[in-house]
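Down below is the structure, laid out as structure tokens.
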Amino acid sequence: MRKASAVATTSPPKPQPLLLSQVLTRFVLENPHVSADTKKATQRAVELFLQAFGDAPVSIIGGEKAGAFRDLLFSLPASLGKRKSSFTLTEEAECAKKDGRPTLRA
């Protein structure tokens, strides 16, 4: 009696996880049903997130990271977009706290 030889099976390659920047482009910026205002606001929020935490797969962005981002945004100075700065968002938040400047939380 002959034994059936094992057939080498190759599994399809695992899909690469979608990065936040890819999700922004694919589901917001390239979506014709999304308004221009929503595209602009979402792009700005994602750009801030990327500055703070870098690009990451959306599957690992959970409540803890979202909460840290919210806290960071609220601690930024209210005047952040009104002047040039070479500081990171975290440095901006620390300077605002140290200098007693109004923040977005106030």
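The values are calculated or read from the model by the stated rules, or taken from the named source; none is laboratory data. The model shown is predicted, which means the values in this text are computed figures rather than measured ones. Cβ sites come from the backbone with ideal geometry, for glycine too, and all protein chains shown count toward neighbours. Note: accessible area is taken over every heavy atom of the protein model, side chains too, but ligands, DNA and RNA are not part of it. Shrake-Rupley method; radii C 1.70, N 1.55, O 1.52, S 1.80 Å.
Surface composition of the chain: carbon and sulfur make up 58 percent of the accessible area, probe 1.4 Å. When all alpha carbon pairs of the chain are counted in 10 Å bins from zero, the resulting P(r) reads 12, 32, 27, 12, 6, 5, 4, 2, 0 %. Estimated purely from DSSP H runs of n ≥ 4, each contributing -39500 (n - 2.57), the mean residue ellipticity at 222 nm for the chain is -13500 deg cm²/dmol once divided by its residues. Taken over the range 44-96, the percentage of Cα pairs per 10 Å bin, counting from 0 up to the bin with the maximum distance, is 22, 56, 19, 2. Which trypsin sites (Lys or Arg not before Pro) from the range 1-90 combine a DSSP loop assignment with at most 16 other Cβ atoms within 10 Å? Sparse-neighbourhood loop trypsin sites (Lys or Arg not before Pro): Arg2, Lys3, Arg83, Lys84. Each part reduced to its alpha carbon centroid, the range 91-106 and the range 65-83 end up 9 Å apart.
Taking θ as phi - 60° and the Karplus parameters 6.51, -1.76 and 1.60, the scalar couplings of the range 9-20 work out to 9, 10, 7, x, x, 5, x, 6, x, 6, 7, 4 Hz in sequence order, x denoting glycine and proline.
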